[in-house]
Amino acid sequence: MASSRHYDGAEDQVLVEEKSFARILTLNRPRQLNAASFQMIEKLLNLFIAYEDDPNVKLLIMKGKGRAFCAGGDVAAVAHVCAEGQWRLGTEFFRKEYNLNYMISAYKKPQVSFLNGIVMGGGAGLSIHGRFRVATENSVFAMPETALGLFPDVGATYFLSRLPGFFGEYCGLTGARLDGAEMLTCGLATHFVSSERLPLLEEALTKVDVVDPAAVSAIIDQFLAQVSLKEKSACHRMDVIDKCFSKRTVEEILSALKQEAINGSDEWLAATIDSMRKASPMSLKISLRAIREGRLQSLDWCLIREYRMLCHILRRAKSDFFEGCRAILVDKDRNPKWEPANLEAISEDMVNKFFLKVDDEDWTDLKLPLKHYSATSTSVSKL
């Protein structure tokens, strides 16, 4: 099959290359670090739907143009729309994004994501749910939502909760950055390949002519690079992470971290405590509860719950999300005024409200593509 590219209209944000039975999807907003826009999400969703039953497509390869795979969803655009009183329009972005995340998780055909650069927020949703995630020496992973007044979403309350020990709580609450070796160690990446060999790997993958994950895995295995953790890696701190982040509340986690820091000067502990102190107190509270609930829930439940939480945040004109966007993305003074300003001012009832259905007659729950539900998946109707 001849190689071809499509460049018209909104498709510019996703370049499509056909090579034999493979489809190479390149996220194409390099100046925005490939932040996922509504047009990008919609295009990807349409492509995944079209390719699933196309006998001429056996494999999908996803990558980003420039120095990022995808630095997250375009939340600044969502905040702008919601600030103009169109919060339901803002939720539509997440509705489509979560549907795409779920489709990726249950996709019939192998997806290989080249995580050669920044992978944050929405970028994790486009890749971590797929079968193969190839990290490199350039990979930088983070879920930094608590610093923006949000919470780890795109199914992160599912995949973070399944990382070793309480490493997911650590990543979700602190927004810690992981490199490629750390991603491989904790399971966020399935393989590690040197960036200079990615073109060769891509070419080899395009020769796959069967829908067979084992065949894809065997090809990637031929390009693996040896990698080791850096001396100061958080993965070497699993004993402290499990001891502190297993605590029941955010306050107890911070207290445990401070207790550990009493024993002497430690840059990692100081940075961990500082990141939590700067984050939105409400975001920390709802994030911890969401990740804990995610441990016992299937992905569909997690996405539906995350959508409810998101809707509660977007419909509040003065939520921490809008203040976080102002301070971090718009004015860039990096001095958000959170409300409430401290953890002690947040009651259990205040947290509970984020986990309820939205009390609005025009609001509807997230509906996921039913044909992708497996026999072991939890029924949405029972929620």
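Looking at region 226-249 only, could you name the residues that are buried (at least 16 other Cβ atoms within 10 Å of the Cβ) and not in a loop (DSSP other than H, G, I, E, B)?
234, 235, 237, 238, 240, 241, 243, 244, 245
I'm checking my understanding of the structure. Among residues of region 321-345 that are touching a Leu at 6+ places or on another chain (Cβ under 8 Å) and surrounded by 20 or more Cβ atoms within 10 Å (Cβ to Cβ), which one is nearest to residue 363 (Cα to Cα)?
321
Test residue 216 against the criterion of being modelled with pLDDT under 95 and farther than 13 Å from residue 136 by Cα, and give yes or no.
No.
Pick out, from region 53-156, the helices (runs of 4 or more DSSP H) lying fully within it that include 1 or more residues that are in contact (Cβ under 8 Å) with a residue 12 or more places away in the chain and touching a strand residue (DSSP E or B) at 6+ places or on another chain (Cβ under 9 Å).
Output list reads 87-105, 122-127.
What is the number of the single condition among (1) over 30 Å from residue 26 (Cβ atoms); (2) under 21 Å from the mean Cα position of the chain (by Cα) that residue 186 does not meet?
Exception for residue 186: condition (1).
Answer yes if at least one residue in region 112-119 is closer than 21 Å to residue 313 by Cα, among the small types (Gly, Ala, Ser) and in contact with a helix residue (DSSP H, G or I) (Cβ under 9 Å, 6 or more places away or on another chain), and no otherwise.
No: zero hits.
Only one residue in 265, 255 is outside any helix (DSSP H, G or I), of a type outside the set (D, E, K, R) and more than 24 Å from residue 139 (Cβ to Cβ), so which one is that?
Going through 265, 255 in turn, the sole match is 265.
Please find, among 229, 224, 288, 284, the residue that is under 26 Å from residue 152 (Cβ atoms) and touching a His at 6+ places or on another chain (Cβ under 8 Å).
The conditions single out 229.
Mind counting the residues in region 163-197 that are open to solvent by 20 Å² or more (accessible area, probe 1.4 Å), closer than 20 Å to residue 288 by Cβ and out of contact with any helix residue (DSSP H, G or I) (no Cβ under 7 Å at 6 or more places or on another chain)?
Qualifying residue count for the region: 1.
Out of curiosity, is residue 97 crowded, with 23+ Cβ neighbours inside 10 Å and among the acidic types (Asp, Glu)?
yes
Scan region 198-225 residue by residue and report those that are among the hydroxyl-bearing types (Ser, Thr, Tyr) and either loosely packed, with under 13 Cβ neighbours inside 10 Å or farther than 14 Å from residue 131 by Cβ (or both).
Matches in region 198-225: 206 only.
Can you tell me which of (1) aliphatic (A, V, I, L, M); (2) modelled with pLDDT under 95; (3) closer than 18 Å to residue 162 by Cα is the one residue 188 doesn't meet?
With respect to (1) aliphatic (A, V, I, L, M); (2) modelled with pLDDT under 95; (3) closer than 18 Å to residue 162 by Cα, residue 188 is out only on (2).
Within region 357-369, which residues are open to solvent by less than 100 Å² (accessible area, probe 1.4 Å) and within 25 Å of the chain's Cα centre (by Cα)?
358, 363, 364, 365, 366, 368, 369, listed by residue number.
The values are calculated or read from the model by the stated rules, or taken from the named source; none is laboratory data. This structure is a prediction, so every number in the text was calculated from the model and none was measured. Don't worry about glycine lacking a Cβ; one is built from the backbone with ideal geometry, like all the others, and counts go over all protein chains shown. Side chains included, ligands, DNA and RNA excluded: accessible areas come from the protein's heavy atoms. Shrake-Rupley method; radii C 1.70, N 1.55, O 1.52, S 1.80 Å.
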